[in-house]
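Engineer: So that we are looking at the same thing, I have put the structure below in structure tokens.
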Amino acid sequence: MFFEYRFWHFLTRPNELASQLQTGTMRHFNRRLLLIFLAGIALFALREFWGMGTEAFTSLLTTMTTTDYIIARYASLAGTILWAILYIAFHIFGVAWILSMLTKIPYRQLVPLQVLMTGLLLLEKTVLFIVFAIKGATVSLSFLSFGPLAVTVMENWFLILFMNQLTITSALIITLQYRFIRGFLVDGRWREYLWILIGLHVAMALITAAVAYIPFDSILNSLFGGGF
């Protein structure tokens, strides 16, 4: 039996996706996969054009020629596109592989789920970008996370960045992944799988917070501003 892979339909019914993956053959999946990649690349490139995350280049204007600055911006755009591809590929294929190792669900069956989850992450980034574009400014903390609350009661910036990764979208993704697993497996280890998902997302939030400590501004100035 064939069934059509529909993003919005299965986004709210991951358990139905799990059931149909076990009994039918999926159609039009590659189209949705390509669409997610193209939409993600377009979103990341648009944020780059608008200037989101490129604040470090402003100071370079005083130390570089216009030509050098343009080259630096093109290099930054190329890097952004590459990062978008890696970001999307990791959340689709990398996380699917990790979940397969943790749950023993076949890797190929988890990829369609992760396409839905990655689309949800891109929707979150789109909402943030629209709000920032309307306000004409960006902040390092997401209003969809615990970051703004954490900054009012904490002084440790690492913990603040960690809390900033715990968003409404993260909770929704855990819920949808859990529903998919329950629709796929019948061994009754539901509480264990829930804790596995929570632990995985907490670990990824910790890693992301740690990466945020990398001094990218200093690296950019070293690369384009005339040495160390």
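The values are calculated or read from the model by the stated rules, or taken from the named source; none is laboratory data. None of these values were measured; they are calculated from a predicted model. Positions of Cβ are generated from backbone atoms using ideal geometry, with glycine treated the same way; all protein chains shown enter the neighbour counts. To get the accessible areas, we keep the full protein, side chains included, count just its heavy atoms, and leave off ligands, DNA and RNA. Shrake-Rupley method; radii C 1.70, N 1.55, O 1.52, S 1.80 Å.
Engineer: Between Rg and the Kirkwood Rh of the stretch 73-172, both from Cα atoms, what is the Rg to Rh ratio?
Structural biologist: 1.04
Engineer: Assuming a viscosity of 1.002 mPa s and a temperature of 20 °C, what translational diffusion coefficient in µm² per second does Stokes-Einstein assign to the chain, Rh being the Kirkwood radius over Cα pairs?
Structural biologist: After rounding, the answer is 110 µm²/s.
Engineer: Also, I was wondering about something else. Compute and list, largest first, the equivalent-ellipsoid semi-axes of the stretch 113-159 from the alpha carbon gyration tensor, each √(5λ) rounded to a whole angstrom.
Structural biologist: Result for the stretch 113-159: semi-axes of 23, 17, 7 Å.
Engineer: Ranked by accessible surface with a 1.4 Å probe, highest first, in what order do THR67, THR169, THR208 come?
Structural biologist: THR67, THR208, THR169
Engineer: Let me ask something else. Taking the Cα centre of each part, how many Å lie between the stretch 1-56 and the stretch 94-149?
Structural biologist: That distance is 11 Å.
Engineer: Determine the calculated [θ] at 222 nm for the chain from helices alone, applying -39500 (n - 2.57) to every DSSP H run no shorter than 4 residues and normalising by the residue count; nearest 500 deg cm²/dmol.
Structural biologist: The per-residue figure over the chain is -23500 deg cm²/dmol.
Engineer: Continuing with the same structure: Keeping all protein chains in place and using 1.4 angstrom, which order do LYS125, LYS104 fall into by accessible surface area, from largest down?
Structural biologist: I get LYS104, LYS125, largest accessible area first.
Engineer: Looking at the chain, which longest stretch skips every one of the GluC sites (Glu not before Pro) that is in a DSSP loop with at most 12 other Cβ atoms within 10 Å, leaving the sites themselves out?
Structural biologist: Maximal segment without exposed cleavage sites: 56-154.
Engineer: Please give me the summed charge of the neighbours of PHE37: other residues whose Cβ is under 15 Å from its Cβ, Lys and Arg +1, Asp and Glu -1.
Structural biologist: It works out to a net charge of +3.
Engineer: Given a 1.4 Å probe and the protein chains all in place, what does the accessible area of VAL139 round to, in Å² to the nearest 10?
Structural biologist: 90
Engineer: Tell me the carbon and sulfur percent of the accessible area for the chain, rounded to whole percent, probe radius 1.4 Å.
Structural biologist: Answer for the chain: carbon and sulfur cover 68 percent of the accessible area.
Engineer: Could you list the chymotrypsin sites (Phe, Trp or Tyr not before Pro) in the stretch 62-118 that lie in coil according to DSSP, counting only those with at most 15 other Cβ atoms within 10 Å of their Cβ?
Structural biologist: Listed in order of number, the matching sites amount to none.
Engineer: Rounded to the nearest whole Å², what accessible area per residue is found for the stretch 31-166 with the 1.4 Å probe?
Structural biologist: Computed with neighbouring chains in place, this is 54 Å² per residue.
Engineer: Per residue of the stretch 142-147, what does 6.51 cos²θ - 1.76 cosθ + 1.60 with θ = phi - 60° give for ³J(HN,Hα)? Whole Hz please, x for Gly and Pro, Karplus curve as stated.
Structural biologist: 8, 6, 8, 10, 8, x
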